[in-house]
Structure formats: C-alpha cells, structure tokens
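The values are calculated or read from the model by the stated rules, or taken from the named source; none is laboratory data. No experiment lies behind these values; they were computed from the predicted model shown. Neighbour counts are summed over all protein chains in view; Cβ atoms, including those assigned to glycine, are modelled from backbone coordinates with ideal geometry. All accessible areas refer to the heavy atoms of the entire protein, side chains included, with ligands and DNA or RNA removed. Shrake-Rupley method; radii C 1.70, N 1.55, O 1.52, S 1.80 Å.
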Amino acid sequence: MEIKEEDLGQWRRTHYSSEVNPSMANRDVVVMGWVASVRDHGNIQFIIIKDAQGEIQVTAKKSEAGEQLFAIAKEVKEHTSLGVRGKIRPQEKAPNGAEIIPVEIRAFSVAKKAAPFMTQGKTSPVGIDTRLDLRAIDLRRNQLGAIFRIRQTVVNSIREFLARQQFIEVSTPKMIATATEGGAALFPIFYYDREAFLAQSPQLYKEQLTMAFESVFEIGPIFRAEPSRTNRHLSEATSIDIERAFVDYVDAMALLERMIVNIIDTVKERNQADLKFLELELPKLELPLPKYAYSDLIDKLQEAGERIQWGDDISPQVMKSLSDERLSGFYFIVDWPTSTKPFYVKPGADPKVCESFDLMYGPLEMSSGSTRINRKDQLVERMQKQGLKIDAFDYHLRVFDYGVPPHAGFGLGLERLLMALAKIENIRDATFYPRDIDRLAP
C-alpha cells in the first residue's frame with residue numbers, strides 16, 4: 001500500500017516528545033514530527049519521530065495494527081513529515097521510557113528521495129559543502145540541533161545578563177552611507193539613486209546612543225567583504241555589540257569577562273542533555289582573566305623564532321608557536337599599537353599605544369574592544385592620520401558638538417564564541433545559512 005499525503009485537517013498535536021512518559025500508559029495522544037529513522041523487523045516496524053523537543057518511538061506490530069495500518073507503517077520513509085494518533089505504552093528501551101502504539105498514521109508530506117547523509121550520528125561522512133547544499137536537512141542532524149540549542153541559550157543569557165546591568169537593546173541601520181572603520185572590506189549596494197554599503201559594525205551608532213541611554217547593546221548581523229576561505233571567517237556574521245558611557249577599556253574588559261562566565265554557567269544549567277550528547281565539558285573560569293600586553297607577546301614570539309615586528313597584527317598561525325598553557329583558554333591581549341586599530345580608539349599616555357584589547361580563546365580572536373575617543377578634535381586628527389574623508393563622517397562628527405560622554409565598548413562574535421564553547425571546527429556550523437566568498441545560497 002502506497003502511503004498518501006494528507007492535509008492537517010482537524011488533527012492537532014496533543015503532546016510533544018518530552019511530554020510522553022511511562023506514567024501516561026494507555027493515554028490517547030497525537031504526536032507530530034519528521035521521521036528520523038525506520039527499522040524494519042519483519043512483523044514489527046519501529047518508527048522514530050523527531051519533533052522540536054526530542055524523539056518518540058512508534059511501534060507498529062502486525063498483530064496489533066491490522067493489515068491496512070501495518071502496510072502504511074511499512075511504507076513510511078525517513079524525513080517524511082507525519083502525525084500519529086495512538087496509545088502510550090511503557091517501554092524501557094524507548095526514548096523517555098515510553099512508546100506509542102499507533103491507531104492512525106497520517107503523512108503530511110512524503111519524502112521523495114533519501115538524503116545524501118545521515119542525521120542521527122555525531123559526525124557526517126560527507127563534506128561540509130554537500131551538507132550546506134541541503135542545509136535545512138543538515139540542521140535535522142542531532143549534533144547541530146544540540147549546537148543551536150546551546151546557541152539559543154547563549155543569546156538568551158546575554159540579554160538577561162545585560163538587562164540586569166541596566167542595558168537597553170538597540171537596533172542600528174544595516175544600510176549605511178560610509179564605511180564604519182575605513183578600509184575596503186565593504187559590500188556596496190544600490191540605494192535608490194546613490195551608492196550605499198552593508199554595515200561592517202554598528203560602532204558609530206552605538207557610540208552616539210550612549211549620549212541618550214548610557215548603556216546599550218545590539219545582537220545583529222555584520223557584513224565583511226573579506227576574501228577569506230578559512231574555517232573561521234564569514235561574510236555575514238552575528239555580532240554582540242556593547243557600549244557604555246562613563247567607563248574605560250578596563251571596565252569594558254571586566255564586563256565582558258563576567259558576561260562570558262554568566263554564559264558558561266547558564267549553558268551548564270540549561271543544556272545538560274546537549275552537553276552530554278556532544279561530550280563537552282565547559283571550562284571553569286577564574287576572574288580576572290589573564291592579560292598580556294601586546295609588546296610582551298611580540299617579544300615572546302620573536303624569541304620563539306617568528307618573523308614579526310612591533311606594529312604587526314598577530315595571526316592565529318603565529319600564536320600557535322607559543323606553547324604557554326595559559327594561552328590555551330580565554331585571555332586578553334591589551335594595549336595594542338594605535339596604528340593597528342580604527343580611528344575611534346583612544347590613544348594612551350604613550351600615543352603609540354592605545355587603550356584597546358582583544359579577547360582570545362587560544363589562537364582565535366573572540367572580541368575586540370577599547371576606550372573610545374569622545375572629543376571631536378582628537379577624532380578628526382585620527383581620521384586624517386588614517387586618510388579618511390572627514391566630510392563622509394559629518395553625520396557622526398556633528399554630534400560631538402553636544403557633549404559625547406567618555407565611553408568604551410566591544411564587539412563579540414557570536415559564531416566564534418560558539419566555536420570555542422562547542423568545539424566546532426568550522427564556523428559555518430555555528431550559523432544557520434552561512435555566507436562566504438563562495439556561497440550565496442541556499
């Protein structure tokens with residue numbers, strides 16, 4: 001018998017998988033989801049249905065189901081979306097210790113072909129490009145489900161933490177008239193009769209917003225036209241941007257490290273099953289996090305034989321040459337050369353060094369922050385030194401005539417943070433639909 005597609009009709013789900021348990025024996029339920037796996041044991045058919053909260057085992061025995069229903073159960077294919085009406089029966093080996101004995105099976109959408117990869121295991125035998133071509137199916141994999149549930153907890157914990165610190169969540173434009181940080185890493189777009197760009201960062205807007213609200217944050221997309229093909233770069237990423245008035249970069253680092261500790265504690269509390277499935281043990285951090293001056297690291301790298309000069313950027317490849325165990329977890333690199341940082345970063349007592357920091361996890365940069373310049377003349381001077389067109393930033397500079405407070409902040413990459421916490425090798429598995437130099441679909 002060929003299984004037929006049917007409409008939802010009057011059917012409505014009564015229970016999710018997490019609500020099905022042995023104490024509900026003989027209760028009538030309707031469950032819905034997609035078929036994760038099918039096991040054919042001759043006169044017994046096992047169907048594992050996956051929904052938003054877990055898995056349910058449906059057990060169809062020929063002797064119990066009858067010829068017609070059993071024939072339908074035999075035709076069920078993986079990835080089919082369906083509903084099952086039946087009774088709960090305790091079964092120790094089934095998910096949550098209970099299974100469903102079907103009375104009716106209704107297919108809402110029948111899978112027409114087999115997926116090119118399995119969704120049940122922790123690893124996939126196919127390459128990431130094959131998976132990304134069918135990303136919606138790839139996201140049905142148990143491993144990615146666990147990762148993105150952790151991601152949701154991370155985002156929620158950030159919002160909860162910052163709300164307790166009296167921050168206001170803001171939304172800034174993603175279509176902008178000029179570069180936020182200068183440089184060529186911009187995506188141009190047509191904006192009516194003129195050229196505009198996708199925003200690299202909400203930096204200048206969040207600085208302005210401290211004038212009205214003091215403490216602001218945004219969780220949103222940023223766009224970088226960097227022609228990189230590494231496992232840590234995306235063209236569209238999610239940035240957690242934070243800015244606060246009447247503080248400096250020391251205060252910003254203290255806020256960031258407390259936020260990281262809060263994230264880890266919250267994930268440990270709310271995602272125990274996901275951490276167990278992924279076999280992850282999150283680090284226990286002691287505050288304050290270690291801090292290393294840029295100049296000291298340059299000296300260490302030169303001693304290790306690296307060809308690097310003061311004023312150069314420190315790449316992940318170069319950092320791997322340092323065997324110090326203290327550099328394997330979370331730590332800060334502070335007091336960078338002013339020449340390496342954007343125009344809005346405040347120089348220190350020695351103008352060659354600025355009040356700036358990067359939060360690292362091993363060799364991977366997680367976050368960058370600083371004290372910002374809050375005086376117009378100093379800002380213009382820095383812009384001129386970097387060869388920026390002052391007129392293009394008039395919309396920003398004009399607000400500095402009205403008392404911009406001293407302020408500091410940082411941006412934290414959500415996908416990179418998730419890479420560190422969940423031990424993800426490729427950043428593309430830390431976002432739903434990745435965009436990079438080679439991929440614009442799906």
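Select from segment 403-412 the residues that are crowded, with 19+ Cβ neighbours inside 10 Å and either touching an Asp or Glu at 6+ places or on another chain (Cβ under 6 Å) or closer than 30 Å to Phe330 by Cα (or both) and list them in ascending order.
His407, Ala408, Gly409, Phe410, Gly411, Leu412
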query = Applying the selection to segment 94-104, what residues are open to solvent by 40 Å² or more (accessible area, probe 1.4 Å) and more than 34 Å from the chain's Cα centre (by Cα)?
reply = Val103, Glu104
Pick from segment 244-258, criterion touching a strand residue (DSSP E or B) at 6+ places or on another chain (Cβ under 8 Å) and part of a helix (DSSP H, G or I), ranking: most open to solvent (accessible area, probe 1.4 Å) = Asp251
ask   = Where residues in segment 347-356 are in contact with an Asp or Glu (Cβ under 7 Å, 6 or more places away or on another chain) and free of Cβ contacts under 8 Å to residues at least 60 places away in the same chain, which of them is farthest from Arg375 (Cα to Cα)?
value = Val353
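Looking at this structure, is Leu186 touching a Pro at 6+ places or on another chain (Cβ under 9 Å) and over 20 Å from Ser370 (Cα atoms)?
So Leu186 does not fit the description; no.
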request  = Quick one: Ser368 ticks every box in (1) out of contact with any strand residue (DSSP E or B) (no Cβ under 9 Å at 6 or more places or on another chain); (2) at pLDDT 95 or above; (3) closer than 25 Å to Lys320 by Cα except a single one, so which number is it?
outcome  = (1)
inquiry  = On the basis of being touching a Phe, Trp or Tyr at 6+ places or on another chain (Cβ under 9 Å) and not hydroxyl-bearing (Ser, Thr, Tyr), does Asp274 make the cut?
reply    = no
key: Subset of segment 188-226 [open to solvent by less than 40 Å² (accessible area, probe 1.4 Å), of a type in the set (D, E, K, R) and in a strand (DSSP E or B)]   = Glu218
query = Among the residues of segment 299-319, which ones are open to solvent by less than 30 Å² (accessible area, probe 1.4 Å), over 24 Å from Leu412 (Cβ atoms) and in a loop (DSSP other than H, G, I, E, B)?
reply = Ile308, Gly311
query = Within segment 28-56, can you find the residues that are surrounded by 15 or more Cβ atoms within 10 Å (Cβ to Cβ) and charged (D, E, K, R)?
reply = Lys50, Asp51, Glu55
task = Could you please tell me which pairs satisfy a Cβ distance under 6 Å, a separation of 6+ or placement on different chains, a first residue in segment 278-290 that is within 28 Å of Val334 (Cβ to Cβ), and a second residue that is part of a loop (DSSP other than H, G, I, E, B)?
result = Pro283/Gly329
task = Quick one: Asp241 ticks every box in (1) among the charged types (D, E, K, R); (2) within 16 Å of the chain's Cα centre (by Cα); (3) surrounded by fewer than 20 Cβ atoms within 10 Å (Cβ to Cβ) except a single one, so which number is it?
result = (3)
request  = Might you check whether a residue that is within 30 Å of Ala254 (Cα to Cα) and open to solvent by less than 50 Å² (accessible area, probe 1.4 Å) occurs anywhere in segment 130-146?
outcome  = yes
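Considering only residues of segment 331-350 that are open to solvent by less than 20 Å² (accessible area, probe 1.4 Å) and part of a strand (DSSP E or B), which is farthest from Lys385 (Cα to Cα)? Give the steps one after another, and end with the answer.
Narrowing segment 331-350 to residues open to solvent by less than 20 Å² (accessible area, probe 1.4 Å): 331-334, 336-338, 343-345.
Checking the rest, the ones that are also part of a strand (DSSP E or B) come to 331-334, 337, 345.
Numbers: Tyr331: 31, Phe332: 27, Ile333: 24, Val334: 22, Pro337: 14, Val345: 13 Å.
Across segment 331-350, the extreme among qualifying residues is Tyr331.
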message = Just checking: which of the strands (runs of 3 or more DSSP E) contained wholly in segment 14-121 hold 2 or more residues that are under 15 Å from Arg140 (Cβ atoms) and in contact (Cβ under 8 Å) with a residue 12 or more places away in the chain?
response = 28-40, 44-51, 54-61, 81-90
Strands (runs of 3 or more DSSP E) contained entirely in segment 351-442, each with at least 1 residues that are under 15 Å from the mean Cα position of the chain (by Cα) = 364-371, 407-413
message = Being more than 23 Å from Phe213 (Cα to Cα), at pLDDT below 95 and open to solvent by 20 Å² or more (accessible area, probe 1.4 Å): is that true of Asn231 here?
response = yes
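Only one of Arg131, Arg159, Arg140 is of a type in the set (Lys, Arg), closer than 18 Å to Arg428 by Cβ and touching a residue at least 24 places away in the same chain (Cβ under 8 Å). Can you tell me which?
Selected residue: Arg140, the only one of Arg131, Arg159, Arg140 that is of a type in the set (Lys, Arg), closer than 18 Å to Arg428 by Cβ and touching a residue at least 24 places away in the same chain (Cβ under 8 Å).
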Selection count, segment 39-64, where residues are in contact with a Ser or Thr (Cβ under 9 Å, 6 or more places away or on another chain) and not polar (S, T, N, Q) = 11
task = Please tell me if Leu322 is open to solvent by 10 Å² or more (accessible area, probe 1.4 Å) and under 20 Å from the mean Cα position of the chain (by Cα).
result = no
key: Per-region count, segment 383-402, residues at pLDDT below 95, open to solvent by 20 Å² or more (accessible area, probe 1.4 Å) and either closer than 14 Å to Gln203 by Cβ or of a type in the set (Ser, Thr, Tyr) (or both)   = 2
